[in-house]
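The values are calculated or read from the model by the stated rules, or taken from the named source; none is laboratory data. What you see is a predicted model, and the numbers here were worked out from it, not measured in a lab. Reconstructed Cβ throughout: ideal geometry from the backbone, glycine too, with neighbour counts over all protein chains shown.
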Amino acid sequence: MVKPHLDVRIRPARPRDFVVCARLCSGSLRDLIRRQGQRPPNFPVRDLLPFLRHALATDPDGFHVAVVKGRIVCYAITILRGKTHFLAQFFALPGMQSRGVGRQVLTRAFDAPRPPRGTARCVVASLDLRAQALYAKFGMLPRTILYHVEGKPRKSTANGVELRQLGPTGTSTKRARDLAARFDRPLREARRDVDQRHFLTTVKGSRFFDARAGRKTVGYVVIQGNGAIGPGGVLDPSLSAALMSAAIAKAHEIGMKAVSAWVPGLNEGALTAAFEAGLKIEFLTAWMAARDIIRLDSYLPSGGVLF
Ligand SMILES: CC(C)(COP(=O)(O)OP(=O)(O)OC[C@H]1O[C@@H](n2cnc3c(N)ncnc32)[C@H](O)[C@@H]1OP(=O)(O)O)[C@@H](O)C(=O)NCCC(=O)NCCS
């Protein structure tokens, strides 16, 4: 059956769109997970709001919505940091998918911020077939699988990397941001103080750690108050396993019952350490990018929306 032509208007998002976008995201995600044969998790829509606020405040040109008959039916958010142009969220209402709306919003969200020459587009991509097709057509190709791992960790053994908390819990200090930048520049290809502040202040109880081997700082890691590990990383991939097991042990020590992380499939060390601690893969996504950016063998992303 041919569906009728849609009269679509694409416009920049504004703060009063947040609740509608959060509901749309939740509905679209639940539908996707159901189609993939899994049971959708229950999470409060209000948990999605801090990121939407952060995105509009720090990159207003990258956040666009599509309106049909006065109703928001799709939105896309891109985040430009350094020369990485990251597609953070992209969702359409289940009843409005496959009708050409997504492509129009995506075009606007990537073009409106006018990224500098040489910028690489990238995304943590769902396995939705429309999303996959559009990302490839927009120049992003799959470079590794990304595993979301989760669970109650077994006691893990100390192993060469020691974590020392830097700054008070729930506060982002300049020293911590400077330290993160030393590693984010080579690993994540961007200094991103606004995001480092967001990681420490959004979820209550989040902490920043200096990762040390002997007397030397070899990396950093954030452990969020909800047990999510990342962002973090080390320059030397042979220390990736040690960083991950130190982070899991530290999370356990500070009283987290369960931990989770997004681990690039190419970060063999972190993946091995996660499995050794008894964490399980909960779902799969794909890392897609215009070229080989980001040190996937030694970086631990913050998650799917800021990487
Ligand atoms: C991803 C999403 C936002 C795209 O929006 P949409 O309005 O459905 O997308 P469009 O109709 O504009 O575009 C779909 C494209 O996929 C193509 N397509 C559809 N099925 C395909 C298939 N099986 N193989 C190859 N291409 C396919 C269409 O031809 C179209 O490409 P074109 O514009 O070059 O013709 C929407 O489908 C959605 O919300 N999916 C579920 C949530 C999700 O996975 N989001 C991505 C998170 S990373």
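Can you tell me which residues in the stretch 90-109 are within 22 Å of the chain's Cα centre (by Cα) and either within 8 Å of the ligand (Cβ to nearest atom) or farther than 24 Å from His5 by Cβ (or both)?
Phe90, Phe91, Ala92, Leu93, Gly102, Arg103, Val105, Leu106
Gly82 - would you say it is farther than 29 Å from Phe183 by Cα and either within 13 Å of the ligand (Cβ to nearest atom) or modelled with pLDDT under 95 (or both)?
Judged against the criteria, Gly82 is not a match.
Hey, can you tell me all the residues within the stretch 78-112 that are under 20 Å from Ala136 (Cβ atoms) and in a loop (DSSP other than H, G, I, E, B)?
Residues of the stretch 78-112 that are under 20 Å from Ala136 (Cβ atoms), as a first pass: 78, 84-92, 97-111.
Listed by number, the residues that qualify are Gln97, Ser98, Arg99, Gly100.
Out of Arg175, Arg182, I need the residue that is in the same structural domain as Glu276 (by TED's automatic domain parsing), farther than 20 Å from Ser240 by Cβ and in a helix (DSSP H, G or I). Which one?
Details: Arg182 fails: farther than 20 Å from Ser240 by Cβ.
Criteria check complete, one pass: Arg175.
Of the numbered conditions (1) of a type outside the set (S, T, N, Q); (2) in contact with a Leu (Cβ under 9 Å, 6 or more places away or on another chain); (3) within 14 Å of the ligand (Cβ to nearest atom), Asp61 satisfies every one except a single condition; which is it?
(3)
Of the residues that make up the stretch 2-9, is at least one of a type in the set (Val, Ile, Thr) and in contact (Cβ under 8 Å) with a residue 60 or more places away in the chain?
So far as the stretch 2-9 goes, yes, one or more of its residues are of a type in the set (Val, Ile, Thr) and in contact (Cβ under 8 Å) with a residue 60 or more places away in the chain.
Look through Val149, Val203, Val194 and report the one residue that is β-branched (Val, Ile, Thr) and assigned to a helix (DSSP H, G or I). I'd like the intermediate steps shown before the answer.
Numbers: Val149 fails: assigned to a helix (DSSP H, G or I); Val203 fails: assigned to a helix (DSSP H, G or I).
Within the list Val149, Val203, Val194, the selection yields Val194.
Would you check which residues across the stretch 107-122 are touching a strand residue (DSSP E or B) at 6+ places or on another chain (Cβ under 9 Å) and over 15 Å from Phe63 (Cβ atoms) and list them?
Pro116, Thr119, Ala120, Arg121, Cys122
Output the number of residues of the stretch 110-144 satisfying the condition of being in contact with a His (Cβ under 7 Å, 6 or more places away or on another chain) and within 8 Å of the ligand (Cβ to nearest atom).
0
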